[in-house]
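Nothing in this text is a laboratory measurement; each read-out follows from the coordinates by a stated rule. Keep in mind the model is a prediction, meaning the values are calculated, not measured. Every residue, glycine among them, receives a Cβ derived from its backbone with ideal geometry; neighbour counts consider all protein chains shown.
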Amino acid sequence: MAVFGNLAGNFTPYTEFSAKLRSSEDGLARDRLYQAMSKRGLLRDGIPNLVYTMNASMLGFLIRDRCDPAGAELTSGRKVDSSAHLVNQSFEAKTKPSGRAPRVASQEISALFADLLPSFRKRIHTHDLAKDGET
């Protein structure tokens, strides 16, 4: 709904969704994820509005087929290659991270996702599909 609201020019649903996300455990986890990658030299320095920019670029890969029939003609492999190229050229650090940095970052990121699992499980098992009009 938030994406549809954005495409249709109605920003209210997106704004409400975004405010909930920023104040939620998910938003805090997202911040921890980007901090871990940045701190360990896995992301390029100086990207303005990094979280927004990365999310906007990845969202394009998810909805592009609906907006442009040319995207639907690409194989999944070519789409993945294109996405990897975008990430590499736009977000990865110019220099290779030093020593153990990638391993330490992966451990921090794994711990982050482990922290999120209990709340995700709770939301999944207590979600009322009928309330949201889902069946």
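In the range 62-135, what GluC sites (Glu not before Pro) fall in a loop by DSSP, with at most 14 other Cβ atoms inside 10 Å?
Details: sites: 73, 92, 108, 134; in loops: 73, 134.
For GluC sites (Glu not before Pro) across the range 62-135 that sit outside H, G, I, E and B with at most 14 neighbouring Cβ atoms in 10 Å, the list reads 73, 134.
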**Item:** Inter-label distance, nm, simple model (7 Å from Cα along the C-beta direction), residue 121/residue 45
**Value:** 4.1
**Table column - 3J(HN,Hα) (Hz), the range 105-118, Karplus curve with 6.51, -1.76, 1.60, x for Gly and Pro** = 4, 5, 5, 5, 5, 4, 5, 4, 5, 4, 5, 7, 3, x
